[in-house]
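This report concerns only the one structure given below.
The values are calculated or read from the model by the stated rules, or taken from the named source; none is laboratory data. Please read these numbers as outputs of a predicted model, since none were measured by experiment. Glycine also receives a Cβ, built like all others from the backbone with ideal geometry; neighbour counts cover every protein chain displayed. The area values use the complete protein model at the heavy-atom level, side chains included, leaving out ligands, DNA and RNA. Shrake-Rupley method; radii C 1.70, N 1.55, O 1.52, S 1.80 Å.
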Amino acid sequence: MDLDEYFAGKYEVIVVGAGHAGCEAALAAARMGCDTLLITLNLDTVAHMPCNPSLGGPAKGHLIREIDALGGQMAIAGDETSIQVRMLNMGKGPAVQALRIQSDKNAYRNSMLNAILAQPGLTLLQALVERLVTKGGKVCGVVTRTGAKFESESVVLTSGTYLKGKIIIGAAKYEGGPNGQMPSVSLSDELKEMGIELGRFKSGTPPRIHCRNVDFKKFFIQPGDTKIRKLSFMPIKSKFWQDKAEKQIPCWLGYTTCDTHEIIRQNLYRAPMYSGEIKGIGPRYCPSIEDKVVRFAQRDSHQIFLEPEGWESEEFYVAGLSTSMPEEVQIEILRSIPGLERAIMLRPGYAIEYDYVKPYQLSLGLEVRKYPGLFTAGQLNGTSGYEEAAAQGLIAGINAARRVKELDFLIIRRSEGYMGVLLDDLINKGIKEPYRLLTSRAEYRLILRQDNADLRLTEKGREIGLVDDYRWQHFQEKVQKLNKLRKSWGTTILSPQQEDLQLVLQEINSTPLRTGIKIGELLRRPEISLAKIRGILPDLGDYSEEVLEEAEIEIKYTGYIQKQLAEIDRFGKLEEKKLSAEIDYAQIRGLSTEGKLRLAEVQPGNIGQASRITGVSPADISVLLVYLEQKRRTVQNV
Ligand SMILES: Cc1cc2nc3c(=O)[nH]c(=O)nc-3n(C[C@H](O)[C@H](O)[C@H](O)COP(=O)(O)OP(=O)(O)OC[C@H]3O[C@@H](n4cnc5c(N)ncnc54)[C@H](O)[C@@H]3O)c2cc1C
């Protein structure tokens, strides 16, 4: 019996998938006043973490802070449900210092689900979307497997690793999404029929073990920091945090052995990665254990981390042991590791292959250029990582709402945020493997620090109507305090008569003062830090640690910051040289063949973007600049 479609409702924005991308997209659209429907396969796996139970770290921590600064949810849910907090790279400069938290997966999911259920103008529905509705080349709705047809002005697809998902464990392979979920098959065919180019990627996850039989004496404890820090710029309301802040749960560091590696070598012929079973391309930076044993054959051991999955959870995520080996081999591998001799495997590791949308087809606003009204975000765009997904979801949700309101898209530049670096790389440089954000990808990383994400983005969030009054007021108070402190340190003179100051300078072998010096100038001395002279400065009680840290970094890195700001100024000039979407690059003489092809594929919005497209040479850019100048003169002479 044929399934009859029925009209099930009309919304302004529909978001498909409530993973990390979909949750941010739906909350953003609803908070910007759009009537929004969030459809997802299973309400019990909203904001599910199918892989590591942690958020943040280098570049990813920066992204979370940018999501927070713009009015997103990930940082708040992360803080409310973190079970361990660590600031990484403390020995390095502020550009790469990054917060990483261990999360209680179930609590994180509930926190995000509660935020969604509490959000006015947001409706949540459990269903499988199988088709997109198009009219006149524009996407204007979806149809579910049960025949429900929903209409809308914008649709955001965030189907993650589910699109034609295939699970592979040894010789076992079957259609499926992560964690025993069903895959999303028809939607992949639908996108192909619409002429949207898809690729095939792979990801993998390690086994989970029960904590009962772990011999912790054979592991090195990895506790959290004593100084508790937050991902969000906002105060944390929930009791969950206050109660447990001091009782962080540790992770445990262990090592594979030569025996482990021998088991893997003996069974390599059964490894889908090496038997050719896996076709999808996986992330180089997140290799499976079998990959590590083959690629780094000279090494006797590889680190593994036991990461707890939650406050009350008995389950450990075995980081560093991602694998798709047959189950019985996985158990052998586990039990060859000191401390896991009697390990109980609760869930096997597996590989998952899935379809993704090749991102060159998107605008920097994450709209599919061929289908106005259709936006894509998250792992579906070829990235990997909760944070990368959430950042894209936020941008896609914002722009889906701005499409409804007929407003220009919000575009974050590479000089304004890691979000800008992420989208610019995805769309202009193309990807050959799942894209993961790294601090080394950001040329302006001294400006894009995690501590100043709000100073870079919160005003933008306010302008687009996503930053609410509570956050705006909090932000303004911080800026007022920061300006007051900047002024104080820029004008307050410390006198050489100040004996306690001279004593401190002597203790740290810093040149004694002969004349008065401004606090800011003194802090610029390399051997001086705020921590060292804090006791002798005028009362700082009025300033939060965040404001003090910010002001100190600005002083300590003034020279580098000014230099990067000058580079950004030059970068901005090229971004201002607009290129229309109507240009027929095939007609521009002097452009290289590859240049013509790539420019036509990506249709850059300006010269700056064009210069970052892989395959477009500096010579091509010179030709384009001449072309623009000729056009300008022609228009002028008309
Ligand atoms: C096995 C595995 C290992 C991973 N390993 C790593 C890693 O090591 N490092 C790392 O950084 N990241 C890793 N990831 C990736 C990380 O999980 C993802 O990057 C992140 O979850 C992507 O978020 P997303 O919102 O794009 O998609 P997802 O979190 O996958 O969410 C997609 C959502 O869409 C829903 N959905 C899908 N299709 C439909 C449909 N047709 N109709 C309705 N709902 C639909 C699903 O139910 C789900 O809720 C791994 C993922 C998996 C599965």
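Restricting segment 352-397 to residues that are among the aromatic types (Phe, Trp, Tyr) and either touching a helix residue (DSSP H, G or I) at 6+ places or on another chain (Cβ under 8 Å) or closer than 18 Å to Ile281 by Cα (or both) leaves a set whose member that is most open to solvent (accessible area, probe 1.4 Å) is Tyr360. Taken together, the criteria place Thr226 among residues that are more than 14 Å from the ligand (Cβ to nearest atom) and farther than 30 Å from Trp472 by Cβ. If the condition is being outside any loop (DSSP other than H, G, I, E, B) and under 18 Å from His62 (Cβ atoms), then segment 403-434 contributes Tyr418, Met419, Gly420, Val421, Leu422, Leu423, Asp424, Asp425, Leu426.
Quick grid of which residues meet (1) within 16 Å of the ligand (Cβ to nearest atom); (2) under 22 Å from Val46 (Cα atoms):
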site	(1), (2)
Ala391	yes, yes
Glu406	no, no
Leu410	no, no
Ile427	no, no
Pro434	yes, no
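Looking at segment 26-81, which of the residues that are among the acidic types (Asp, Glu) and closer than 30 Å to Ser186 by Cβ is nearest to the ligand (Cβ to nearest atom)? Looking at residues that are among the acidic types (Asp, Glu) and closer than 30 Å to Ser186 by Cβ, I get Asp44.
Among the strands (runs of 3 or more DSSP E) confined to segment 1-43, there are none with at least 3 residues that are closer than 21 Å to Glu367 by Cα, among the small types (Gly, Ala, Ser) and open to solvent by less than 10 Å² (accessible area, probe 1.4 Å). If you go through segment 316-368 and keep only what is of a type in the set (Ser, Thr, Tyr) and within 30 Å of Gly137 (Cα to Cα), you end up with Tyr354, Tyr356, Tyr360, Ser363.
For segment 436-456, the condition holds for at least one residue, the condition being that it is open to solvent by less than 10 Å² (accessible area, probe 1.4 Å) and in contact with a strand residue (DSSP E or B) (Cβ under 9 Å, 6 or more places away or on another chain).
Restricted to segment 215-308, the set of helices (runs of 4 or more DSSP H) holding at least 2 residues that are open to solvent by less than 40 Å² (accessible area, probe 1.4 Å) and not aliphatic (A, V, I, L, M) comprises 258-266, 289-295. Counted as qualifying within segment 558-616 are the helices (runs of 4 or more DSSP H) with 3 or more residues that are open to solvent by less than 20 Å² (accessible area, probe 1.4 Å), touching a Phe, Trp or Tyr at 6+ places or on another chain (Cβ under 8 Å) and outside the structural domain of Asp424 (by TED's automatic domain parsing), namely 593-602.
Okay, residues lined up against (1) surrounded by fewer than 24 Cβ atoms within 10 Å (Cβ to Cβ); (2) in a strand (DSSP E or B):
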{"position": "Asn52", "(1), (2)": "yes, no"}
{"position": "Gly72", "(1), (2)": "no, no"}
{"position": "Ala75", "(1), (2)": "no, no"}
{"position": "Asp79", "(1), (2)": "no, no"}
{"position": "Met87", "(1), (2)": "yes, yes"}
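Of the residues in segment 166-183, how many are within 8 Å of the ligand (Cβ to nearest atom) and open to solvent by less than 10 Å² (accessible area, probe 1.4 Å)? The number of residues fulfilling the criteria is 2.
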